[in-house]
Amino acid sequence: MNYVKQLGNLGESRPFLFSYRRCPYAMRARMALLACQIDFDIQEISLKDKPGKMLNISPKGTVPVLVYKDLVLDESLDIMNWAKAKKNDKYIKINASDMDFVKKMIEINDGEFKKNLDLYKYTSNKDYDLKKTYRKDCEDFIKKLDERLVSNDYLLSNTFGYLDIAIFPFIRQFFNVDSDWLEKNPYTNLKRWVERISISNLFIQIMQKPKV
C-alpha cells in the first residue's frame, strides 16, 4: 500500500485506490487488498474537495474506488471479491457451506444495521432517550455476532477471514460512539474480537496516515 499525491496514469501498472481513512467501506476494501497481498497505490481524498479524476471515473463521488487498467470498481464488496478472486481465495477463502450465511450477515450489516448505526451515531447526546432507542436497535445484530464468537476467535472459525473484514469496520464504529456504555455492556466476545483485529498488523497498516 503506497500513498501517492500525484495521480499520474491511474491503474496502468498496478491497482489504484481512492480512499478515505475513516470510511468503513474504504477500510474493508483496504483490508481485503492488503490481506490478499495485492500491492496498490492509494490516494487519501478530502471529502470536501474530491479529486476531479475520481469524479470522472465514478460520478457518485463515494469511496472506495479501485482503478486497474480497464477495470473500475466503486463498491467495497466488489473490491473485496476482486481481491479474493485474484488470489484464488488463498487468503480470505469462503467455504461453499458458509456462503449463504456470509451473504445474509453482510446484507444485514450493510442494510438495517448500518441505518441504525448512523441514527445512533449522529443523534445528539442531548436526545439521550432517542439515542438509546437507536442503540437498542443496533443491539439486535450485535447480539448475533457476540453469540457467533462464543467458541471461535472469528466469525466463521478460528481463522480471520472475509466476513470479519466485511463487518469489522462497522462494529468498531458502533463501539466508538459511547465508550462509557461500552465499558459496561455485556458483549465480551465481540469486544475481544474488535480488540484482536484492532491491534493486528493488518489493521494498523491500513490505518497509517499518508506521509505525502
Residue among Phe141, Phe101, Phe160 that is farther than 20 Å from Thr188 by Cβ and either surrounded by 13 or more Cβ atoms within 10 Å (Cβ to Cβ) or touching a helix residue (DSSP H, G or I) at 6+ places or on another chain (Cβ under 7 Å) (or both) = Phe101
Quick one: in segment 160-199, of everything that is of a type in the set (S, T, N, Q) and modelled with pLDDT under 95, which residue is farthest from the chain's Cα centre (by Cα)?
-> Asn185
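The values are calculated or read from the model by the stated rules, or taken from the named source; none is laboratory data. Because the structure is predicted, anything quoted here is derived from the model rather than measured. Positions of Cβ are backbone-derived with ideal geometry, glycine not excepted, and every protein chain shown enters the neighbour counts.
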